[in-house]
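*Asks:* Just dropping this structure here.
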């Protein structure tokens, strides 16, 4: 279902709030003396909507603070956008015209974004269809508001686009958003700026959001950003880890319980959904939720009602649900571990958090940010991060993503030994550099021998790493290195390689397995 919707119901809604009047294509800027901020240029806002009652309503809301220009068709708006001074913000209806000969919203968005790439654009829509929100995001919309909207909603969206009062920059060196005292949304790469744009867009739609991504990619931070930029930002934001407690305890934690519901329930207790009423709840690791609780959560998403554990009365709540998981949700559905109907209820909008290895340009900025954060916490001066350490950080694949990077910087801060961190992150590079240093300082001057030794050291390091990864299963390591099994055995003997002590007990089993394979 698209956003092509007739406005009869909206007109009736607005006619109860404001009286319709004649709207010119270029509105009267503002009544004399009604504008504030006399000492500086007032911000200009252009508004496009086919409904004159909506234009009048928006002008009444904003005219005391902004110069509001109203337009009933895209052609007049396009002419105005090329005038001087240009507007500071555009508010446009998703359905610009029912006449197919005129430019639709997507075309107008694309053309406006190409002509004025820095112009904030608020899209006013009649439905919260995910496909429409995604399309608006890709075309460059900054925010989405659903009709019928209130004065508070339009005020929040305008302030968000022009001033961003609910979030503050982290500092002068980091392109990010401060969400609370200890949490920041860093957006120094193109991928993360796209994520930020999607978060701020879906924040206005007030629909369930499913955040997917590997462990440590910042799913909770994205959920906090959605809450912080939504109309619920002044209400509670609560996180519940669905994998951290057994099923019975999780049910009582989410939905509460009545007195006598179980042994030890000496008095009634509200659950997180009741505590978070009119706010936002993050269900982390939703893929680990037991199937019985999934059915109860589905009911909450459908009609906002549930019963406490041991209770008969129905409790009604208004809570926005954001779910996050690091599992393959489609695979969990096929294995009957996750309800398909719950997935479609949660999947009002899906965010996919990129792993750190796919946004390596952020690693130097994140490393400096974590260093300042840790130094501030422990009231000490931050340690310098050298180019060699930054190179090692950038080459590492970060399976633990942001969480692992922060812990690595914390170890460096505590130990103060940069070389130990480099060796830990990049053992091959460390081995090669050690060999180069030894050969160059020996003073032998034999270039052929230096090159031969360096090749041998690099080969030995590569073989050792492959064996470690494969748990010293030599056949698997030979396949990984794409050499024969006999050649690998020869190389192990030539370079005098041996397994670490912690793996010695496993080698016998691996050897027996290899013998069985060759038998």
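The values are calculated or read from the model by the stated rules, or taken from the named source; none is laboratory data. Here the structure is a predicted model, which is why all the values come from computation and not from measurement. Positions of Cβ are backbone-derived with ideal geometry, glycine not excepted, and every protein chain shown enters the neighbour counts.
*Asks:* Could you count how many residues in the range 204-214 are more than 21 Å from residue 298 (Cα to Cα) and at pLDDT below 85?
*Replies:* 1
*Asks:* What's the total number of residues in the range 235-257 that are at pLDDT 90 or above and surrounded by fewer than 18 Cβ atoms within 10 Å (Cβ to Cβ)?
*Replies:* 5
*Asks:* I'd like the full set of residues that are surrounded by 15 or more Cβ atoms within 10 Å (Cβ to Cβ) and either at negative phi or part of a helix (DSSP H, G or I) (or both), limited to the range 469-479.
*Replies:* Selection gives 470, 473, 474, 475, 476, 477, 478, 479.
*Asks:* Examine the range 62-78 for a residue that is under 18 Å from residue 144 (Cα atoms) and at pLDDT 85 or above, and state whether such a residue exists.
*Replies:* Checked the range 62-78: at least one residue is under 18 Å from residue 144 (Cα atoms) and at pLDDT 85 or above.
*Asks:* Has the range 241-249 got at least one residue that is in contact with a helix residue (DSSP H, G or I) (Cβ under 7 Å, 6 or more places away or on another chain) and over 25 Å from residue 349 (Cβ atoms)?
*Replies:* yes
*Asks:* Restricting to the range 40-57, what's the tally of residues that are assigned to a loop (DSSP other than H, G, I, E, B) and either touching a helix residue (DSSP H, G or I) at 6+ places or on another chain (Cβ under 8 Å) or modelled with pLDDT of 90 or more (or both)?
*Replies:* 3
*Asks:* Taking the options 297, 301, name whichever one is crowded, with 20+ Cβ neighbours inside 10 Å, at pLDDT 90 or above and in a helix (DSSP H, G or I).
*Replies:* Every option except 297 fails the conditions.
*Asks:* Of the residues in the range 221-240, how many are assigned to a helix (DSSP H, G or I) and over 12 Å from residue 351 (Cβ atoms)?
*Replies:* 3
*Asks:* Testing residue 265 on (1) over 23 Å from residue 344 (Cα atoms); (2) part of a loop (DSSP other than H, G, I, E, B); (3) out of contact with any strand residue (DSSP E or B) (no Cβ under 6 Å at 6 or more places or on another chain), one condition comes back false. Which one is that?
*Replies:* (3)
*Asks:* Residue by residue through the range 473-483, note down the ones that are farther than 12 Å from residue 459 by Cβ and at pLDDT 85 or above.
*Replies:* 473, 474, 475, 476, 477, 478, 479, 482
*Asks:* For a quick check of your reading of the model, give me the residue pairs whose first member lies in the range 293-306 and is within 13 Å of residue 339 (Cα to Cα) and not assigned by TED's automatic domain parsing to the domain that holds residue 341, whose second is exposed (fewer than 15 other Cβ atoms within 10 Å of the Cβ) and modelled with pLDDT under 90, with beta-carbon atoms closer than 7 Å and at least 6 apart or on different chains.
*Replies:* Close Cβ pairs satisfying both conditions: none exist.
Table: residues versus (1) without any contact (Cβ under 8 Å) to a residue 60 or more places away in the chain; (2) within 25 Å of the chain's Cα centre (by Cα).
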site: 320; (1), (2): no, yes
site: 334; (1), (2): yes, no
site: 392; (1), (2): yes, no
site: 395; (1), (2): yes, yes
site: 409; (1), (2): yes, yes
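*Asks:* Now a separate question. Here are some residues: 259, 234. Which one is closer than 24 Å to residue 183 by Cβ and either over 30 Å from the mean Cα position of the chain (by Cα) or not assigned by TED's automatic domain parsing to the domain that holds residue 150 (or both)?
*Replies:* Of the residues listed, the single one that is closer than 24 Å to residue 183 by Cβ and either over 30 Å from the mean Cα position of the chain (by Cα) or not assigned by TED's automatic domain parsing to the domain that holds residue 150 (or both) is 234.
*Asks:* Keeping to the range 328-344, report how many residues are buried (at least 16 other Cβ atoms within 10 Å of the Cβ) and under 22 Å from residue 223 (Cα atoms).
*Replies:* 4
*Asks:* From the list 486, 491, 502, which residue is surrounded by fewer than 11 Cβ atoms within 10 Å (Cβ to Cβ), outside the structural domain of residue 374 (by TED's automatic domain parsing) and either closer than 30 Å to residue 366 by Cβ or at pLDDT 85 or above (or both)?
*Replies:* Checking each option against the conditions leaves just 486.
*Asks:* Return a yes/no flag: does the range 310-324 have any residue that is modelled with pLDDT under 90 and touching a helix residue (DSSP H, G or I) at 6+ places or on another chain (Cβ under 7 Å).
*Replies:* No: zero hits.
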